[in-house]
Amino acid sequence: MIPAQFDYVAPQTLDEAISLLAKNPDEAKILAGGHSLIPAMKLRLAMPQMLIDLGRIKDLSYIREDGGRILIGAMTTHYQLESSDRLRDICPLLPETAGQIGDVQVRNKGTIGGSLAHSDPAADWPAAIIALSAEMVAAKANGERVIKADDFFVDMLTTALQAGEILREIRITVPQGRVGQAYMKVAQPASGFAVVGVAVNLVRDQGGACTSASIGITGVASKAYRASGVETALVGSSLDAKAIAAAAAHATDGVDANGDLFASDTYRRHLAQVYTRRAIEAAASRAK
Ligand SMILES: Cc1cc2nc3c(=O)[nH]c(=O)nc-3n(C[C@H](O)[C@H](O)[C@H](O)COP(=O)(O)OP(=O)(O)OC[C@H]3O[C@@H](n4cnc5c(N)ncnc54)[C@H](O)[C@@H]3O)c2cc1C
């Protein structure tokens, strides 16, 4: 449980961090909250020769509003998102998801950027980020680029971030109208990670019909995914119990489900359908 030897640097600015990463593309790794990277280093699953700690860079930790968008700095902790009253008003899916991550210590240290960049198949944030159709801003030596949530999660522990890129910000358009959101998960009892986690972001018209639905699912497959079949079945429906159950049956369409000691692939599929139904029911009832 002792990591291999490494150098540690703590730049004061993002430019400095980008430059250090550019100079050490194969040896260096970014350190955020350390709650995934340090355990991996202790197990020697990761052996970076240099850690570039983002912790001293002040302008990477924030929750701001810009016009109709929420801007979140990559180093914002799960707890900061969980405890934001403003987010509870304008985008409750964010604090609801944050509050279900691990335990208090994990939420105090772990960051949204670290979680997204790590792309653990059982992490909670990817489901919410897909349901909110967020955009990720990646910074590198010669500028920035924006990556859509649907393109960001490539595979288990693999994202669309390229060598030399640092995730700087997450952007979310504030949902408008009769919005209903919910995140529901079955937590692995030891770690809290999602065996299955379902994030729902839907809108109803004045008559109650569903005008849009966006659903992200984590824990089931090698990466979080958009449940397009569920979304298609929901839009235009009245969101009654029968319509929701019929839509939720599509939760794992075309998905290769994982199986492990805790939950077989068949059980995960079953859980995904049940929790998709429950999360849609909760979101629909909250759309006032
Ligand atoms: C006991 C325990 C329980 C947990 N339970 C849960 C849970 O229930 N749900 C859940 O979702 N998570 C859980 N986690 C994981 C936790 O949420 C971590 O905080 C998260 O996965 C990683 O965030 P971090 O800030 O700690 O990143 P780090 O561990 O510092 O980094 C993770 C990876 O991302 C890279 N990275 C970090 N930041 C950036 C960036 N800005 N740009 C580019 N690359 C970057 C690092 O190089 C590293 O490869 C748990 C962790 C522990 C230890």
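The values are calculated or read from the model by the stated rules, or taken from the named source; none is laboratory data. Predicted model only: the values in this text are computed from it and were never measured. Here Cβ is always computed from backbone atoms with ideal geometry, including for glycine, and neighbour counts include all displayed protein chains. Accessible surface is based on the protein model in full, side chains and every heavy atom, while ligands, DNA and RNA are left aside. Shrake-Rupley method; radii C 1.70, N 1.55, O 1.52, S 1.80 Å.
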Looking only at residues that are touching a strand residue (DSSP E or B) at 6+ places or on another chain (Cβ under 8 Å) and β-branched (V, I, T) in region 120-156, which one is most open to solvent (accessible area, probe 1.4 Å)? V146
Is it the case that some residue within region 56-65 is part of a helix (DSSP H, G or I) and within 8 Å of the ligand (Cβ to nearest atom)? yes
Mind checking whether some residue in region 17-28 is more than 26 Å from Q105 (Cβ to Cβ), crowded, with 17+ Cβ neighbours inside 10 Å and touching a residue at least 60 places away in the same chain (Cβ under 8 Å)? yes
By residue number, the members of region 178-203 that are open to solvent by 40 Å² or more (accessible area, probe 1.4 Å) and modelled with pLDDT of 95 or more are R178, M184, A187, F193
Find the residue count for region 204-235, including only residues that are open to solvent by 30 Å² or more (accessible area, probe 1.4 Å), part of a strand (DSSP E or B) and more than 19 Å from K148 (Cβ to Cβ). 2
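Tally up the residues in region 99-118 that are near the ligand (Cβ under 9 Å from one of its atoms) and either under 20 Å from R171 (Cα atoms) or part of a helix (DSSP H, G or I) (or both), please. Quick ask: steps written out before the conclusion?
Narrowing region 99-118 to residues near the ligand (Cβ under 9 Å from one of its atoms): 100-103, 105-107, 109-118.
With the extra rule that they be either under 20 Å from R171 (Cα atoms) or part of a helix (DSSP H, G or I) (or both), the set shrinks to 105-107, 109-118.
Count: 13.
Does region 72-86 contain any residue that is of a type in the set (A, V, I, L, M, F, W, C), within 19 Å of R286 (Cβ to Cβ), within 16 Å of the ligand (Cβ to nearest atom) and touching a Ser or Thr at 6+ places or on another chain (Cβ under 9 Å)? Let's see the steps before the verdict.
Here is the first cut: in region 72-86, the ones of a type in the set (A, V, I, L, M, F, W, C) are 72, 74-75, 81.
Now narrow it down to the ones that are within 19 Å of R286 (Cβ to Cβ): 81.
Filter once more, so that each one left must be within 16 Å of the ligand (Cβ to nearest atom): 81.
Now restrict to residues that are touching a Ser or Thr at 6+ places or on another chain (Cβ under 9 Å): 81.
Yes, that holds for at least one residue.
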Away from the ligand (no atom under 16 Å from the Cβ) and either under 30 Å from K23 (Cβ atoms) or in contact with a Ser or Thr (Cβ under 6 Å, 6 or more places away or on another chain) (or both): does that describe V198? no
Give the residue, chosen from A28, A40, A17, A32, that is within 13 Å of the ligand (Cβ to nearest atom) and within 30 Å of P175 (Cα to Cα). A32
May I ask you to verify whether A123 is touching a residue at least 60 places away in the same chain (Cβ under 8 Å), out of contact with any Gly (no Cβ under 8 Å at 6 or more places or on another chain) and within 8 Å of the ligand (Cβ to nearest atom)? yes
Which numbered condition trips up I90, out of (1) open to solvent by less than 10 Å² (accessible area, probe 1.4 Å); (2) under 28 Å from V186 (Cα atoms)? (1)
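Name the residue, out of T159, T173, that is at pLDDT 95 or above, surrounded by fewer than 20 Cβ atoms within 10 Å (Cβ to Cβ) and of a type in the set (S, T, Y). Before the answer, list the steps.
Details: T159 fails: surrounded by fewer than 20 Cβ atoms within 10 Å (Cβ to Cβ).
Sole residue among the options that is at pLDDT 95 or above, surrounded by fewer than 20 Cβ atoms within 10 Å (Cβ to Cβ) and of a type in the set (S, T, Y): T173.
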